[in-house]
Amino acid sequence: MKKVGIIGCGSIGSEIAIAIDARKINAKLVALFDAYQDAVNTLANRLKTKPDVAGNIEEFVRSNMDVVVEAASQGAVRNYARMVLQNNHDLMIMSIGALLEKNICDELASIAEKHDRRIYLPTGAIAGIDAIRSVKHLLKEVTLTTTKNPRGLEGAPFFKTHKVDLKAIKKARVIYEGRAEDAVKLFPANVNVAAALSLAGVGGNKTKVRIIADPKTKVNIHEIHAKGRFGEMHFQVKNVPSPTNPKTSYLAILSAIECLRSICDDRISIGT
Ligand SMILES: NC(=O)c1ccc[n+]([C@@H]2O[C@H](COP(=O)([O-])OP(=O)(O)OC[C@H]3O[C@@H](n4cnc5c(N)ncnc54)[C@H](O)[C@@H]3O)[C@@H](O)[C@H]2O)c1
């Protein structure tokens, strides 16, 4: 049975821990870490089988684990991913936006190779990554259009430089149009899907992102349009937000749980 550690005890980390605790994933949860001590304690109190609670990242990476799940933030990927791999743990990354930064993907891949480790990037809150990967070399154009309630966009760094009164928006309005590479920095908690799509397809420089704020929508909508010599693809998902974090789609949590379940269990691998 694989031994799992989780960094980040918010919406995604908590649901994964609860799924392991309920034996929906064939794994043992051995360690938790969060910069916010209350988050770890609240989660640990909800679990029947108590994992170790690490006081700092150095203590956490020394735990006896097979797989570490990062469900914290892009900063956590930047600061801890190398350390996790160097301490001989596989790594599942949720804050995929961090991987569009120059060279980090290649650097992590080379550390993983040196330590014979694997890095897993779950599909997250979208669909179609399997198909995009298959036609990667034939793609001409990939666009992601994300529509969210303005509440789900609050606090994004984009609004420090762009004066937009989200509360005053009365009908659907395009807030951002540009490269995925920039979108993941300006909306780090919202468009991890843009990063997953970029890495699977034509990269963060060529993948286009449009973000729409729509006060009438209660769901997070992600639409992918891809064109190339293979033909054309269109995927749309309408996600209910996580009850504990409106920025995170419920599908992202379910995708993370399924990805970890498959890492821990599958003899037959379904899909590309
Ligand atoms: N891949 C996807 O499709 C997808 C979808 C949704 C969210 N995400 C990303 O997954 C991550 C977790 O999402 P969530 O909804 O659970 O967030 P959340 O805000 O509910 O929880 C994050 C937790 O991580 C902790 N944390 C943040 N930075 C940390 C650090 N540097 N060190 C230690 N702890 C840290 C916070 O204290 C918090 O308890 C976010 O980065 C989010 O953007 C990815």
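The values are calculated or read from the model by the stated rules, or taken from the named source; none is laboratory data. Keep in mind the model is a prediction, meaning the values are calculated, not measured. Methodologically, a virtual Cβ is constructed for each residue, glycine included, from the backbone with ideal geometry; neighbour enumeration extends over all protein chains shown. Keep in mind that these areas ignore ligands, DNA and RNA; they rest on the heavy atoms of the full protein, side chains included. Shrake-Rupley method; radii C 1.70, N 1.55, O 1.52, S 1.80 Å.
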*Holding the Cα-Cα limit at 24 Å, pick out from K102/K208; K3/K48; K114/K206; K114/K247 the pairs that are longer than that.*
K114/K206; K114/K247
*Find the centroid of the Cα atoms in the stretch 16-62 and in the stretch 199-214, then give the distance between the two in whole Å.*
33 Å
*Describe numerically, in nm with one decimal, the distance between label points set 7 Å from Cα along Cα→Cβ at Q37 and at D130.*
4.5 nm
*What FRET efficiency would be calculated for the residue pair D265, E177, taking the C-beta separation as r and a Förster radius of 51 Å, to the nearest 0.05?*
0.80
*Note the full-extension length gain between K102 and K206 as 0.36 nm times their separation in residues minus their Cα-Cα distance, in nm to one decimal.*
36.0 nm
*By how many degrees, between 0 and 90 and to the nearest 10, does the Cα long axis of helix 37-46 differ from the longest principal axis of the chain?*
70 degrees
_Length added when fully stretched, H115-A44, from 0.36 nm per residue minus Cα-Cα_ = 22.5 nm
*Given the options K185, K170, K148, state which has the largest fluctuation in a GNM of the chain using a 10 Å cut-off (strictly under) for Cα springs.*
K170
_Helix axis angle, 250-265 relative to the chain longest principal axis, alpha carbon, degrees_ = 40 degrees
*Fully extended contour minus Cα-Cα distance, from F159 to F230, at 0.36 nm per residue*: 21.7 nm
*asked:* Taking a ≥ b ≥ c as the square roots of the Cα gyration tensor eigenvalues, with a/c under 1.5 meaning rounded and otherwise prolate when a/b beats b/c, else oblate, which class fits the stretch 1-66?
replied: oblate
*Sticking with the crude label model, points 7 Å out along Cα→Cβ, report the distance from N56 to R151 in nm, one decimal please.*
3.9 nm
*Given a Förster distance of 30 angstrom, what is the FRET efficiency for R82 paired with M1, based on the Cβ-Cβ distance and rounded to 0.05?*
0.65
*Working from Cα positions, state the angle (0 to 90°, nearest 10) between the long axis of helix 11-21 and the longest principal axis of the chain.*
40 degrees
*Highest-MSF residue in the chain out of I224, I18, I169 [GNM, Cα springs under 10 Å]*: I169
_Spread of Cα-to-Cα distances over 5 Å intervals beginning at zero, given as percent, for the chain_ = 1, 6, 13, 17, 18, 17, 13, 9, 4, 2, 0
*Find, to one decimal place in angstroms, the Kirkwood hydrodynamic radius of the stretch 107-150, where the mean of 1/r is taken over every pair of different Cα atoms and then inverted.*
13.6 Å
*In the chain, carbon and sulfur make up what percent of the accessible area (probe 1.4 Å)?*
48 percent
*Hey, what's the stretch 1-133 come to in accessible area per residue, 1.4 Å probe, Å²?*
47 Å²
